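Q: Quick one: structure below, then a few questions.
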Amino acid sequence: VSLVKYCTTTSSSCTPSTTVNGSSTNVTLSSNASAQRVCVQTIDNAGNTSSTTCSSAYSVDTTNPTISITNTSVTENSISVTVNGSDAHSGISEYRFSSNGGSSYTTVTTSNSSYTYTFTGLNSGTSYNIAVQSVDRSGRTSSRVTRSITTEEAGNTMQEILAEYNKSIRPN
């Protein structure tokens, strides 16, 4: 091989016109969501030209995904958060959930557009700064969405209520 030429296209084929210096090169695809191909043609020392061969189609994702909190529910020791993630180009690959405002996250791998995560082992009557993010399949991360959510106050258990009732009806 004496010469290698290539081209990029959003069609099924193109005529290679860019010469590769040396035996290899890196080809940069344009930043768009349209499927792109790299087509290559070689010429040998005798001047014989190969047919043009094109790659599979690739898309370049330069858009961050989005996320929103669509529902929350609480108990004395848990907070459930339902999120909706969206990415028009490569799709959602994971969600990140934090109960400390984003200092640390728990990552859940799923391609579902909606997902519910439950924080457990929380203190009753305590406010938590919930933070969520989505990540798309190209590794791009959404902006962080936060919401302050307070767990329910601890109430008396049925045994405590009955014990108090029994005390009140028994003479001293």
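Q: In debye to the nearest 20, how big a dipole does the chain give about its Cα centre with +1 on each Lys and Arg Cβ and -1 on each Asp and Glu Cβ?
A: Numbers: 9 positive and 10 negative charges, 63 e Å.
Magnitude of the dipole: close to 300 debye.
Q: May I have the pair-distance distribution P(r) for the stretch 103-154, computed from all Cα-Cα distances with 5 Å bins from 0 and rounded to whole percent?
A: 4, 14, 25, 25, 14, 10, 5, 2, 0
Q: Quick one: 3J(HN,Hα) in Hz for the stretch 64-81, Karplus 6.51/-1.76/1.60 with θ = phi - 60°, rounded, Gly and Pro as x.
A: 5, x, 10, 8, 9, 8, 9, 7, 9, 8, 10, 10, 5, 10, 8, 10, 9, 10
Q: Still on this structure, I have one more. Using only the alpha-carbon atoms, how far is helix 158-169 inclined from the longest principal axis of the chain? Give it as 0 to 90 degrees, nearest 10.
A: 10 degrees
Q: I've got another one for you. What residue among Val74, Gly139, Thr120 has its Cα farthest toward the positive end of the dipole of the chain, where the charges are +1 on Lys, Arg and -1 on Asp, Glu, each on the Cβ?
A: Gly139
Q: Okay, next question. Over the Cα atoms of the stretch 42-134, what is the Rg over Rh ratio if Rh follows Kirkwood?
A: Taking Rg over the Kirkwood Rh, I get 1.39.
Q: Now for a different question. If Lys and Arg each add +1 and Asp and Glu each add -1, what is the summed charge of the other residues whose beta carbon sits under 13 Å from the beta carbon of Thr66?
A: Local charge sum for Thr66: 0.
Q: For the stretch 2-81, what % of the accessible area comes from carbon and sulfur atoms, probe 1.4 Å? Display every interim value, and only then the final one.
A: Numbers: 1950 of 4720 Å².
Ligands and nucleic acids excluded, carbon and sulfur give 41 percent.
Q: Relative contact order for the chain: what percent, with Cα pairs under 8 Å and sequence separation of 6 or more?
A: Rounded, it is 18 percent for the chain.
Q: Please list 3J(HN,Hα) in residue order for the stretch 43-60, calculated via the Karplus relation 6.51 cos²θ - 1.76 cosθ + 1.60 where θ = phi - 60°; whole Hz, with x for glycine and proline.
A: With the stated coefficients, the stretch 43-60 comes to 10, 8, 5, 8, x, 6, 10, 6, 6, 7, 10, 10, 6, 5, 7, 10, 10, 9 Hz.
Q: State in Å² the accessible area per residue of the stretch 24-122; use a 1.4 Å probe, count heavy atoms of protein chains only, and round to the nearest integer.
A: For the stretch 24-122, the solvent-accessible area averages 54 Å² per residue.
Q: Here's another thing I want to ask about it. Hull surface divided by four, with the convex hull built on the Cα atoms of the stretch 3-162: how many nm²?
A: The number I arrive at for the stretch 3-162 is 12.9 nm².
Q: For the chain, what does the helix formula give at 222 nm: sum of -39500 (n - 2.57) over DSSP H segments with n ≥ 4, over the residue count, nearest 500 deg cm²/dmol?
A: -2000 deg cm²/dmol
The values are calculated or read from the model by the stated rules, or taken from the named source; none is laboratory data. Note that the structure is predicted; figures quoted are calculated from it, not measured. A quick note on method: Cβ atoms are made from the backbone with ideal geometry, for glycine too, and the neighbour counts reach across all protein chains shown. Heavy atoms of the whole protein, side chains included, go into the accessibility calculation; ligands, DNA and RNA do not. Shrake-Rupley method; radii C 1.70, N 1.55, O 1.52, S 1.80 Å.
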